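The values are calculated or read from the model by the stated rules, or taken from the named source; none is laboratory data. Keep in mind that this is a model prediction, so the values were computed, not measured. In this analysis, Cβ positions are derived from the backbone assuming ideal geometry, glycine residues included, and neighbour counts consider all displayed protein chains.
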Amino acid sequence: MIERIDTLCMKVKNVEKSSDWYENLLGFSVVFKGEGYRVLRVGDGSNVPLTIEEGNITHNADQSYPIFYSKDIQGLYEKLKEHNVRVSELHDDGVNHFFDFFDLDDNKLQVCYFKE
């Protein structure tokens, strides 16, 4: 039956430009290039990869989005703000710290931190 999640896919307008953004700003690395898509390694590669593919982008309030984990959430938050990335406020619910941010195509992404 199903063994694992293989990848998470998101639509982008320009795969080259978006790939550069994810690599240079977030530190992801390309592990596979295909016609109109890229598979990106997140972190040390033990996580589910992110695949970005060119296509029509549609957004709605109920859209699914990935949540990434960072031990340096404050540093990442400041870095994204310095690069003029649209970010929400940094929230702290007493257990979990998190914020939303948006890529070049206004895809919603989230980062969280909690003590493991």
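Filter the range 1-17 for residues that are part of a loop (DSSP other than H, G, I, E, B) and surrounded by 11 or more Cβ atoms within 10 Å (Cβ to Cβ) and give the result.
Keep residues of the range 1-17 that are part of a loop (DSSP other than H, G, I, E, B), which gives 1-7, 13-14.
Correct list: ASP6, THR7, LYS13, ASN14.
Restricting attention to the range 30-72, report how many residues are surrounded by 16 or more Cβ atoms within 10 Å (Cβ to Cβ) and either in contact with a Cys (Cβ under 7 Å, 6 or more places away or on another chain) or over 19 Å from LYS108 (Cβ atoms) (or both).
6
Among the residues of the range 88-116, write down those that are β-branched (Val, Ile, Thr) and closer than 20 Å to GLY43 by Cβ.
Across the range 88-116, the qualifying residue is only VAL111.
Can you find, within the range 74-91, the residue that is farthest from VAL15 (Cα to Cα) among those that are among the acidic types (Asp, Glu) and loosely packed, with under 12 Cβ neighbours inside 10 Å?
Restricting to residues being among the acidic types (Asp, Glu) and loosely packed, with under 12 Cβ neighbours inside 10 Å, the top hit is GLU89.
Failed condition for ASN24, given (1) under 29 Å from LYS115 (Cα atoms); (2) over 12 Å from the mean Cα position of the chain (by Cα); (3) modelled with pLDDT under 95, with all others met?
Among (1) under 29 Å from LYS115 (Cα atoms); (2) over 12 Å from the mean Cα position of the chain (by Cα); (3) modelled with pLDDT under 95, ASN24 violates only (3).
Only one of GLU78, GLU53 is of a type in the set (D, E, K, R), assigned to a strand (DSSP E or B) and modelled with pLDDT of 95 or more; which?
Details: GLU78 fails: assigned to a strand (DSSP E or B).
The conditions single out GLU53.
In the range 81-109, which residues are without any contact (Cβ under 8 Å) to a residue 12 or more places away in the chain, among the acidic types (Asp, Glu) and in a strand (DSSP E or B)?
Scanning the range 81-109 gives a single hit, ASP92.
Of all residues in the range 13-49, how many are of a type outside the set (Ser, Thr, Tyr) and more than 22 Å from LYS81 (Cβ to Cβ)?
Result for the range 13-49: 20.
Quick test for you: out of SER46, SER18, pick the one residue that is touching a strand residue (DSSP E or B) at 6+ places or on another chain (Cβ under 9 Å) and of a type in the set (Ser, Thr, Tyr). Can you show your working first?
Working: SER46 fails: touching a strand residue (DSSP E or B) at 6+ places or on another chain (Cβ under 9 Å).
Result of the check over SER46, SER18: SER18.
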